[in-house]
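Undergrad: I have a structure I would like to understand better, so I am pasting it below and will then ask my questions one at a time.
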Amino acid sequence: MIDAVAMAGAEVRIGGRRIAGPIDLVIGVGEHWALLGPNGSGKTTALSLMGARRQPSAGTVDVLGERLGRTDVRRLRPRIGHVSHRVADALRGDATVLDTVLTGRDATLVGWWQRFDDDDVARAHRLLASIRCDELAARPLETCSLGERQRVLIARALFGEHELLLFDEPAAGLDLPARERLLSSMTTVTEATTVLATHHLEEVPPTTTHAALLREGRVVAAGRIDDVMVTDALSACFEMPIVVDRDGGRWRARAPTA
């Protein structure tokens, strides 16, 4: 079976300086991964490779069976969905929420040249309803709160039936209720392979199956989530004592009390 993502010695260099790598990581089809690490550890750079938004400076990166540097990324990128503040900022703010979701079909930023039939519109409404946002359908995207926009982006990504979904710190800046609604929406994503980048264990959905810890651009631990999200590994990754526990499928980390 072809893996969703396979990185072997992948590096990214800018101006001769290595900002990530070498990275060795294999993500199987249908798995749900979390990438964790401190700020600057290379999570977003790794996602940019997985999303075919950046080419490796060294090593190999295979995404959905296509090797970067040997494939037309214009055909590969529509198979990959992104949920991030960068995508939200690139979308038209005056477009309605419904129209925004519809652009997910072909992974475009605007729907001017696309044709949508009644089935498309009905499916978009169903997806919005599944994340409790259907009442927002007629509102301009720019009038939605940050949390609402992030959930709309999930509906947009699901509408495209992407094989790989990438979440780049989608809960950043959200208050507690908005974060919990977002995580509830993320648990509905079960068919596609997913990769979430975050530095907060509390933002990892209970449906996550695997995890990788990054530090200084390298993977320092990777595997089944129960094997990776342990006190010793996380303490080494974040370079501080951390106590890890789990309650009802949700993870939590804190510094030990004196």
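The values are calculated or read from the model by the stated rules, or taken from the named source; none is laboratory data. Note that the structure is a prediction, hence the values are computed from the model and not measured. Please note: Cβ atoms are built from the backbone with ideal geometry, for glycine as well, and neighbour counts cover all protein chains shown. In case anyone asks, the SASA skips ligands and DNA or RNA and just uses the protein heavy atoms, side chains included. Shrake-Rupley method; radii C 1.70, N 1.55, O 1.52, S 1.80 Å.
Undergrad: Write out the trypsin sites (Lys or Arg not before Pro) in the stretch 127-209 meeting two conditions: DSSP loop, and at most 16 other Cβ atoms within 10 Å of their Cβ.
TA: Sites meeting the loop and neighbour criteria: R132.
Undergrad: Okay, moving on. Starting from the Cα-Cα distance between T207 and R74, subtract it from 0.36 nm times their residue separation and give me the gain in nm to one decimal.
TA: Value of the extension gain: 44.8 nm.
Undergrad: Moving on to the next point. What percentage of all Cα-Cα pairs in the stretch 118-177 are separated by more than 12 Å? Let's see the in-between values first.
TA: Details: 1225 of 1770 pairs.
So the portion of pairs separated by more than 12 Å is 69 percent.
Undergrad: Taking 8 Å as the Cα distance limit and 6 or more residues as the minimum spacing, I'd like the relative contact order of the stretch 135-252 as a percentage.
TA: The value is 18 percent.
Undergrad: A follow-up question, please. Just the number, please: carbon plus sulfur as a percent of the accessible area of the stretch 1-126, 1.4 Å probe, no ligands or DNA/RNA counted.
TA: In the stretch 1-126, the share of accessible area belonging to carbon and sulfur is 48 percent.
Undergrad: If you don't mind, there's one more thing I want to ask. For the chain, set up a GNM with springs between Cα atoms under 10 Å and report which of A197, A129, A157 has the largest fluctuation.
TA: Taking springs between Cα atoms under 10 Å, the residue moving most is A129.
Undergrad: Please work out the Cα center distance from the stretch 50-80 to the stretch 194-227, rounded to the nearest Å.
TA: Using only Cα atoms, the two centres lie 22 Å from each other.
Undergrad: Mind jotting down a quarter of the surface of the convex hull over the alpha carbons of the chain, in square nanometres, one decimal?
TA: 14.7
Undergrad: While we're looking at this one, here's another question. Find the all-direction average of the projected area of the Cα convex hull for the stretch 1-104, expressing the result in square nanometres with one decimal place. Walk me through the numbers on the way to the answer.
TA: Working: hull surface 32.4 nm².
Projected area, direction-averaged: 8.1 nm².
Undergrad: Using DSSP to call loops (not H, G, I, E or B), can you name the trypsin sites (Lys or Arg not before Pro) in the stretch 64-104 whose Cβ has at most 16 other Cβ atoms within 10 angstrom?
TA: Those that pass, being in a loop and sparsely packed, are R70, R92.
Undergrad: Separate question: Report for the chain the percent antiparallel among DSSP-assigned beta bridges with both residues inside it, nearest 5.
TA: Once the DSSP bridges in the chain are tallied, antiparallel ones form about 60 percent.
Undergrad: Output the peptides 13-19, 96-102, 55-61 sorted from most to least packed, where packing is the average of other Cβ atoms within 10 Å over each peptide's residues.
TA: 96-102, 55-61, 13-19
Undergrad: Next up: Computed FRET efficiency, Cβ-Cβ of M240 and I19, R0 25 Å: what is it to the nearest 0.05?
TA: Values: r = 23 Å, r/R0 = 0.93.
For R0 = 25 Å, the calculated efficiency reads 0.60.
Undergrad: Per residue, what accessible area does the stretch 116-258 have, given a 1.4 Å probe and all protein chains present, in Å²?
TA: 47
Undergrad: Please give the length that would be gained between A90 and F116 if that part of the chain were fully extended, namely 0.36 nm times their separation in residues minus their C-alpha to C-alpha distance (nm, one decimal).
TA: Once the chain is fully extended between A90 and F116, it gains 7.2 nm.
Undergrad: If you don't mind, there's one more thing I want to ask. Which value, in debye to the nearest 20, describes the size of the charge dipole of the chain about its Cα centre when Lys and Arg Cβ atoms bear +1, Asp and Glu Cβ atoms bear -1, and nothing else is charged?
TA: The calculated dipole for the chain is roughly 660 debye.
Undergrad: Separate question: Given only helices, namely DSSP H runs of n ≥ 4 each adding -39500 (n - 2.57), what is the per-residue ellipticity at 222 nm of the chain, to the nearest 500 deg cm²/dmol?
TA: Per the formula, -8000 deg cm²/dmol.
Undergrad: Of the chain, which part is the longest with no chymotrypsin sites (Phe, Trp or Tyr not before Pro) in a loop (DSSP not H, G, I, E, B) and with at most 10 other C-beta atoms within 10 angstrom?
TA: On the way: sites that count: W112, W113.
That would be 114-258.
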